[in-house]
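Visitor: Below you'll find the structure I mean.
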Amino acid sequence: MLDIVFLGHQGWVLSDSNTTILIDPLLVETFGHGRSEVSVFPPREFHWDKFPNIEAVILSHEHEDHFSIPSLNALSRDVAIYVSPQTSTAMFEILTEMGFHPKFLPLGEPFKLGTLNVFAEMPDTRKVGGDEWGVCQVWVWAAEGECFFTMVDVAVDERNLPKPHPSVPVATVIAYPNNYVDWMHHSFGFPDRGDMREWVVSGFSDTLKAFGRTRTPEPSLWLFCGLGFAFSDSLAHLNAKVFPLVNTTLAEIVHSLYPTGQHETPLPGSSYRLENGKVLKQKDFALFLQPSSSDQWPERKGSTGKELGYPCYSTKAPLSEQEWVTLENHLKTFFSAFFFKTLFRDLVWLTPQKIGGKIPHACVVLLDGEDGYRDFVFDPRQASKVSPSAAENPWETYVAGFECWARDLLGVFEGTIGNFRVSAGRWRFWCHTPHMLDPEHVQWLVPLFPLYATETALKLYRHLWSIESKQGSARGLGRKSIGK
């Protein structure tokens with residue numbers, strides 16, 4: 001017997017009669033590294049006195065919607081923490097400083113957590129797009145063989161499907177990720193993405209083909225999860241911008257194509273039991289968790305139009321000259337991380353003649369004070385030089401770039417602001433030749449990933465941990481202290 005409870009977003013509680021583990025738990029309502037304009041969706045109500053004993057936590061990768069310092073602070077320090085081998089030393093260090101004893105997930109070989117069996121593997125990292133290449137996908141099964149598989153953030157296809165160990169049972173329930181977000185409302189120069197329903201059809205069909213290739217039967221139940229966040233306050237308008245396909249719509253599209261399968265969208269606290277080869281959905285939510293009343297849910301209504309204005313996260317107070325010197329030095333380090341990456345190679349190849357007279361440099365426009373700004377350009381043909389720009393209209397002069405508040409970007413570089421707090425609604429980016437260049441938002445964020453910017457990541461984690469420690473919100477959820 002294996003019991004499955006959905007925590008929200010992509011978090012799970014998995015248990016048999018003796019052992020309970022968590023995967024990617026978000027146990028607080030704030031979503032990501034920072035304050036509360038981004039929250040878990042739909043809102044939830046925890047009953048901590050009924051929360052089960054916890055043997056271990058698996059953190060599939062280091063993204064802030066899976067690795068939450070305030071959530072981990074709710075745990076007793078005797079809970080085992082397993083992390084992806086692609087974790088930065090910053091994550092390992094902060095977990096140790098918090099009092100945990102983190103371990104790498106063993107890859108490629110089944111292992112035991114209490115009486116549960118676990119197998120973890122990475123999809124083919126050569127064929128995973130975007131910033132999800134550090135993801136570990138996880139299989140969990142009970143002694144009788146009932147198996148759950150979460151793809152986490154990578155919908156598998158024939159190119160990247162990891163090969164489970166021969167002893168791993170066929171998964172009866174699979175968690176399928178919905179990563180259909182649209183950040184293009186803060187861009188210009190890019191063509192319209194069109195109807196994302198076509199992407200759904202293609203993506204899910206590719207997943208089914210992958211299962212067919214490995215002669216793996218289609219699972220008894222698909223659970224569509226992810227996109228478990230919503231915006232409020234100064235970012236509330238984004239609820240009508242970034243969610244072109246919510247989970248219920250995704251499940252409906254898939255079910256219309258494959259009506260013989262079971263396709264569901266769980267809510268926080270939704271519970272399923274795998275027993276004797278069957279999936280039994282429990283009528284009631286888990287004792288320790290249920291969704292808040294739907295009249296408390298923010299409305300998320302798709303993806304509509306452009307939104308090129310944006311608020312500041314920190315303050316609009318102008319930077320001092322010394323702060324500008326610091327920021328320019330950070331920009332030099334930032335752009336050095338692009339060396340020989342796709343953006344660098346594309347810019348070297350481009351010429352003004354190829355791109356309608358635009359200058360093939362990457363530009364950063366930094367807003368300062370109420371009306372001012374400074375802009376800097378990266379020229380890969382001039383020893384990767386970063387220098388101030390003299391262009392009157394940098395947005396039209398340079399082929400590609402991004403714009404944000406100077407003090408916000410300085411905070412990201414200094415480790416006091418998580419990059420998601422800027423990239424989600426507090427910047428805009430452009431490209432005049434997207435058919436020749438691909439600087440979408442993920443490309444710009446590459447130098448900020450913890451494996452690149454480890455020292456900055458550790459500063460941020462320590463900053464968050466310092467705030468969390470002062471709030472004293474540790475609940476002691478663990479093997480021994482829960483329910484006491």
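Visitor: Quick check on my filter: what residues within the range 110-140 are at pLDDT 95 or above and surrounded by fewer than 19 Cβ atoms within 10 Å (Cβ to Cβ)?
Guide: Within the range 110-140, Pro110, Phe111, Lys112, Leu113, Gly114, Thr115 qualify.
Visitor: For the range 268-276, indicate whether the set of residues that are farther than 26 Å from Glu144 by Cα, in the same structural domain as Glu144 (by TED's automatic domain parsing) and out of contact with any Asp or Glu (no Cβ under 6 Å at 6 or more places or on another chain) is non-empty.
Guide: yes
Visitor: Only residues that are among the charged types (D, E, K, R) and closer than 21 Å to Arg428 by Cβ: list them for the range 341-376, please.
Guide: Asp346, Lys358, Asp368, Glu370, Asp371, Arg374, Asp375
Visitor: Need pairs with beta-carbon distance below 7 Å; first residue under 15 Å from Leu464 (Cβ atoms) and within the range 78-98, second among the polar types (S, T, N, Q) and crowded, with 16+ Cβ neighbours inside 10 Å; sequence gap 6+ or separate chains.
Guide: Listed pairs, sorted by first residue: Met98/Asn73.
Visitor: Still on this structure: Does Glu29 meet the test of being among the acidic types (Asp, Glu) and in contact with a Leu (Cβ under 9 Å, 6 or more places away or on another chain)?
Guide: Spelling it out, it is not the case that Glu29 is among the acidic types (Asp, Glu) and in contact with a Leu (Cβ under 9 Å, 6 or more places away or on another chain).
Visitor: Still on this structure, I have one more. Quick one: which residue in Ser232, Ser271 is in contact with a Phe, Trp or Tyr (Cβ under 7 Å, 6 or more places away or on another chain), among the small types (Gly, Ala, Ser) and in contact (Cβ under 8 Å) with a residue 40 or more places away in the chain?
Guide: Among Ser232, Ser271, only Ser271 is in contact with a Phe, Trp or Tyr (Cβ under 7 Å, 6 or more places away or on another chain), among the small types (Gly, Ala, Ser) and in contact (Cβ under 8 Å) with a residue 40 or more places away in the chain.
Visitor: List the strands (runs of 3 or more DSSP E) that sit entirely inside the range 33-151 and contain at least 1 residues that are among the aliphatic types (A, V, I, L, M).
Guide: Ranges flagged: 38-40, 56-59, 80-83, 111-113, 116-121, 137-141.
Visitor: Now a separate question. Does Thr207 qualify as being crowded, with 22+ Cβ neighbours inside 10 Å and either in contact (Cβ under 8 Å) with a residue 24 or more places away in the chain or over 26 Å from Tyr272 (Cβ atoms) (or both)?
Guide: So Thr207 does not fit the description; no.
Visitor: On the given criteria, is Arg197 within 21 Å of the chain's Cα centre (by Cα) and in the same structural domain as Ser256 (by TED's automatic domain parsing)?
Guide: no
Visitor: I need the full set of residues from the range 245-264 which are surrounded by fewer than 20 Cβ atoms within 10 Å (Cβ to Cβ) and under 19 Å from the mean Cα position of the chain (by Cα), in order please.
Guide: Residue satisfying the conditions is Val246 alone.
Visitor: Which residue is nearest to Pro450 (Cα to Cα), if the candidates are limited to the range 380-413 and must be free of Cβ contacts under 8 Å to residues at least 40 places away in the same chain and basic (Lys, Arg)?
Guide: Of everything passing the filter in the range 380-413, Lys385 is nearest to Pro450 (Cα to Cα).
The values are calculated or read from the model by the stated rules, or taken from the named source; none is laboratory data. No experiment lies behind these values; they were computed from the predicted model shown. Backbone-built Cβ (ideal geometry, glycine too); neighbour counts: all protein chains shown.
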